[in-house]
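In what follows, a structure is listed as structure tokens, so that the remarks can point back to it.
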Amino acid sequence: MRLFRHYKDFPAECRGSVVVLGNFDGFHRGHQQVIAKAGRLAREMQTTVTVVTMEPHPRHYFNPDQEDFRLTSFRTKAQLLENFGVDQMVVLPFDQEMAVMQAQAFVLDVLVGALGALQVVVGYDYCFGRGRGGGITVLKWMGHMEGFGVTVIDKVMEGDQVYSSSNIRESLRQGKVRDVASRLGHWWQVEGHVYQGDQRGRTIGFPTANISMDGYLRPRHGVYAVRVSLPQTERVYDGVANVGARPTFDKKDVNLEVFLFDFDDDLYNALLRVQFIDFIRGEQKFSGIDELKQQIAQDCIQARAALAMPENRADVLPIVTIDDEHLLQF
């Protein structure tokens with residue numbers, strides 16, 4: 001996948017593709033339906049698929065002091081889109097210039113002028129332009145005027161619930177990571193570099209890798225069975241992780257602490273991807289170190305058992321691609 005940091009950098013040889021618009025936070029099954037449709041259209045037109053998204057998320061731009069809400073980092077989202085089969089990704093910098101751009105100007109400057117879109121694919125609730133002034137009606141009207149088609153994907157349902165990032169965020173706040181995985185079509189993951197913490201874990205026999213949760217939605221505080229990958233070595237390890245403020249030690253900041261099973265190398269500054277597989281228990285305050293050590297040992301036993309369950313195997317949620325026809329028949 002080719003990545004472009006601004007629409008003005010889009011090369012001439014990439015123009016004339018099927019363009020998909022959206023933020024795609026989490027890249028859940030509803031998002032996958034939108035891009036799968038774009039893939040089928042691109043095959044029919046014998047062209048490529050271009051995803052256009054924005055960084056930072058407009059919601060963060062307008063409310064920078066709000067609680068973190070992102071389901072995926074930019075790096076993770078780009079990786080998921082690439083694995084899915086997207087050809088190009090254009091990242092629009094959401095700044096003051098973009099915030100005040102009128103809907104008509106977005107169509108003329110970005111979609112027509114820079115990208116030369118043949119077809120534009122969006123979800124049913126897509127809005128764009130200053131004050132979200134442009135919607136499906138405006139997009140279709142301008143498409144008719146400027147010579148590109150518009151395809152709108154209706155709601156993708158899970159029973160009586162719409163697949164949405166908002167619903168997934170609420171499930172994470174409840175610790176329902178297995179439900180979240182079924183809605184995403186992939187395990188929810190946090191990615192970050194290991195930083196040096198208090199090193200207290202080493203003194204009690206459970207050395208942990210500390211990863212910042214900055215930018216990510218905070219799931220329910222507690223202990224999780226996790227699967228950890230080291231992209232630099234392509235190795236994957238089972239483990240147990242704690243998300244919380246460590247009340248036993250009167251800490252206030254929330255972080256992610258991961259203990260990898262059968263691993264004893266130095267991880268400082270390493271990049272880790274932590275996949276949340278199952279919820280073990282809620283956050284607790286213990287009377288002292290001994291009680292904490294006993295509980296961690298029990299957590300490890302439960303995490304190993306959870307990771308060994310058939311529904312939690314690493315291959316249960318295989319990576320789908322833009323060519324998987326069943327995505328078009330949700």
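Read-outs: derived from the displayed coordinates by stated rules, not from any lab. Bear in mind that the values here come from a model prediction, so they are computed numbers and not experimental data. Because the Cβ atoms are built from the backbone with ideal geometry, glycine has one as well, and the counts that use them run over all protein chains shown.
A few comments on the model shown:
- The residues 217, 256, 317, when put in order of fewest to most other Cβ atoms within 10 Å, stand as 317, 217, 256.
- Taking amide H positions as modeled 1.01 Å from N, with prolines and chain starts lacking one, the residues under 5 Å from residue 69 and 5 or more places away or on another chain are 217.
- If R0 is taken as 35 Å, the Cβ-Cβ distance between residue 61 and residue 297 corresponds to a FRET efficiency of 0.20.
- Per-residue Cβ neighbour counts within 10 Å put 164, 17, 212 in the sequence 212, 164, 17, beginning with the fewest.
- Relative to its Kirkwood radius, the Cα radius of gyration of the stretch 2-160 gives an Rg/Rh of 0.93.
- Remark: 227, 59 ranked as 59, 227, counting other beta-carbon atoms within 10 Å and listing the fewest first.
- Placing unit charges on the Cβ atoms of the charged side chains and taking the dipole of the chain about its Cα centre, the candidate lying farthest along the positive direction among 212, 118, 143 is 143.
- Taking 7 Å steps out from each Cα toward its Cβ at residue 314 and residue 179 produces label points 2.9 nm apart.
- Taking 0.36 nm per residue of separation and subtracting the current Cα-Cα distance, fully stretching the chain between residue 146 and residue 196 would add 12.5 nm.
- Mean projected area in nm² (Cα convex hull; one quarter of hull surface) for the chain: 17.8
- The stretch 68-102: trypsin sites (Lys or Arg not before Pro) in DSSP coil with no more than 13 other Cβ atoms inside 10 Å: none
- Simple spin-label estimate for residue 2 and residue 166 in nanometres, 7 Å along Cα-Cβ: 3.7
- Over the chain: helical MRE at 222 nm, DSSP H runs n ≥ 4 each giving -39500 (n - 2.57), nearest 500: -8000 deg cm²/dmol
- Largest first, the extents of the alpha carbon coordinates of the stretch 189-312 on the three principal axes equal 39, 32, 29 Å.
- Spin-label model, residue 136 to residue 284: label points 7 Å out along the Cα-to-beta-carbon direction sit 5.0 nm apart.
- Given 14 as the ceiling on other Cβ atoms within 10 Å, longest exposed-site-free region of the chain for GluC sites (Glu not before Pro) in DSSP loops: 68-233
- Sequence-separation-based contact order of the stretch 33-163, relative, with Cα cut under 8 Å and 6+ spacing, percent: 24
- Over the chain, Cα pairs under 8 Å with separation of 6+ residues give a relative contact order of 19 percent.
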